[in-house]
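Heads up: the structure comes next, in structure tokens.
The values are calculated or read from the model by the stated rules, or taken from the named source; none is laboratory data. Since the model is a prediction, treat every value here as computed from it, not as a measurement. Don't worry about glycine lacking a Cβ; one is built from the backbone with ideal geometry, like all the others, and counts go over all protein chains shown.
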Amino acid sequence: MSDTRNLERVITAAWEDRALATAPDARRAVETTIDLLDRGKIRVAEPRGAAAAGLEAASSAGAPRGAVAGGASAWVVHGWMQMAILLYFAQREAVVSEAGPLAFRDKLPVKRDLERAQVRVVPPGTARYGSFLAPGVVLMPGYVNIGAYVGAGTMIDTWATVGSCAQIGSGVHLSGGVGVGGVLEPPQSQPVIVEDGAFVGSRCILVEGVHVERGAALGAGCVLTASTPVVDVRGPEPVVERGRIPAGCVAIPGVWPKRFPAGEFATPCVLVIGKRGESTARKPRLNEMLREFPLLDGPGEEGPRPGSA
């Protein structure tokens, strides 16, 4: 823990006084932090209980200090790690690289040692150095950015993207074309969090630090921002909150009335329509439940389907 706190101290000082950022100790601290993120020894955000207990149970890095992000399942955000990522970009020069007939020019390399990490990456799937993919992760031709954490056994399906510092749990399915936004600035901003066992349907968009709790399921096409109404319609009256899909719930895209100077218009929302039990946790039964609501169906479509590998 003392080593990690020293990293925090050096990086915070370099962030506050950029004249210090080029000093050898600052460069070493930044590079060490990115290496620890790459190996999953530290995380930009973690459940508050895990932070209180210390990361030693999961790694040898120790538990750095951080600020608590609110919510029923509160997480801790370590802003100094976001600072380290931004300083890392500033310290590096863009270089040209090639992969067969493809040419690139970037400041960061891609992840290496995938076989040793027990990760499958299907061409042209890309995970940047400084992101972490746990054993059993399958990355189809999608993208994982620096600072992101992806838990064991998660599927990142074709053209799905996981933004910088996003936290994706174990056993999650990000279906085809899912867009999980990233965040680096301002430091201490909560990233998008998708907890263990969640299912995110095709073409869903998750941005602005939204929180999909454990085991929740989003039907295809949900757009979830910090201000998107999340409307629980299971009772006699709608119950509205924002920025969070409750654990174990099934949600679909919908519309919500909002008054403007020019009149009242329908704006996007997410409707919580049910609860996942043991039967709906299975993908075929989950699809049946989602298809009961024609709101999800497009012209000539049967309804949402999970992405395929």
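Quick check on the range 156-171: of everything there that is hydrophobic (A, V, I, L, M, F, W, C) and buried (at least 23 other Cβ atoms within 10 Å of the Cβ), which residue is farthest from LEU36 (Cα to Cα)?
ALA160
If VAL95 meets every condition in (1) in contact with a Pro (Cβ under 9 Å, 6 or more places away or on another chain); (2) surrounded by 23 or more Cβ atoms within 10 Å (Cβ to Cβ); (3) among the aliphatic types (A, V, I, L, M) apart from one, which number is that one?
(2)
Out of GLY181, GLY177, report the one residue that is under 10 Å from the mean Cα position of the chain (by Cα) and modelled with pLDDT of 95 or more.
GLY181
Determine, yes or no, whether ARG112 is at pLDDT below 95, exposed (fewer than 13 other Cβ atoms within 10 Å of the Cβ) and basic (Lys, Arg).
Yes: the conditions hold for ARG112.
Filter the range 229-252 for residues that are under 19 Å from VAL178 (Cβ atoms), touching a strand residue (DSSP E or B) at 6+ places or on another chain (Cβ under 6 Å) and of a type outside the set (D, E, K, R) and give the result.
If the condition is that a residue be under 19 Å from VAL178 (Cβ atoms), touching a strand residue (DSSP E or B) at 6+ places or on another chain (Cβ under 6 Å) and of a type outside the set (D, E, K, R), then VAL230, ILE245, CYS249, VAL250, ALA251, ILE252 are the ones that fit.
Quickly run through the range 19-43 and pick out the residues that are more than 22 Å from the chain's Cα centre (by Cα) and among the polar types (S, T, N, Q).
If the condition is that a residue be more than 22 Å from the chain's Cα centre (by Cα) and among the polar types (S, T, N, Q), then THR22, THR32 are the ones that fit.
Please work out if VAL230 is part of a strand (DSSP E or B), under 18 Å from GLN190 (Cβ atoms) and among the aliphatic types (A, V, I, L, M).
So VAL230 passes the test.
Among the numbered criteria (1) assigned to a helix (DSSP H, G or I); (2) at pLDDT 95 or above, which single criterion is violated by LYS41?
Of the numbered conditions (1) assigned to a helix (DSSP H, G or I); (2) at pLDDT 95 or above, the odd one out for LYS41 is (1).
Can you tell me which residues in the range 6-29 are assigned to a helix (DSSP H, G or I) and either at positive phi or exposed (fewer than 14 other Cβ atoms within 10 Å of the Cβ) (or both)?
Result: ASN6, ARG9, GLU16, ARG18, ALA19, PRO24, ASP25, ARG28.
For GLY71, state whether it is at pLDDT below 90 and either outside the structural domain of GLY179 (by TED's automatic domain parsing) or over 29 Å from PRO187 (Cα atoms) (or both).
yes
Any chance you could count how many residues in the range 187-208 are touching a residue at least 60 places away in the same chain (Cβ under 8 Å) and either at negative phi or among the aromatic types (Phe, Trp, Tyr) (or both)?
Residues in the range 187-208 being touching a residue at least 60 places away in the same chain (Cβ under 8 Å) and either at negative phi or among the aromatic types (Phe, Trp, Tyr) (or both): 9 in total.
Can you confirm whether VAL212 is farther than 30 Å from ALA14 by Cα and free of Cβ contacts under 8 Å to residues at least 40 places away in the same chain?
yes
Against the definition (of a type in the set (Asp, Glu), at pLDDT 95 or above, outside the structural domain of GLN82 (by TED's automatic domain parsing) and over 25 Å from TRP15 (Cβ atoms)), how does GLU195 come out, yes or no?
Details: of a type in the set (Asp, Glu): yes; at pLDDT 95 or above: yes; outside the structural domain of GLN82 (by TED's automatic domain parsing): yes; over 25 Å from TRP15 (Cβ atoms): yes.
Here the answer is yes, as GLU195 does meet what is asked.
Which one of the conditions (1) surrounded by fewer than 24 Cβ atoms within 10 Å (Cβ to Cβ); (2) under 20 Å from ILE273 (Cα atoms) does GLY182 fail to meet, given that it meets all the rest?
(2)
Cβ-Cβ below 7 Å, separation at least six or inter-chain, first residue in the range 115-130 and assigned to a loop (DSSP other than H, G, I, E, B), second surrounded by 19 or more Cβ atoms within 10 Å (Cβ to Cβ) and not hydrophobic (A, V, I, L, M, F, W, C): which pairs?
Sorted first by the residue in the range 115-130, then by its partner, the pairs are GLY125/GLY142; GLY130/ASP38; GLY130/GLY147.
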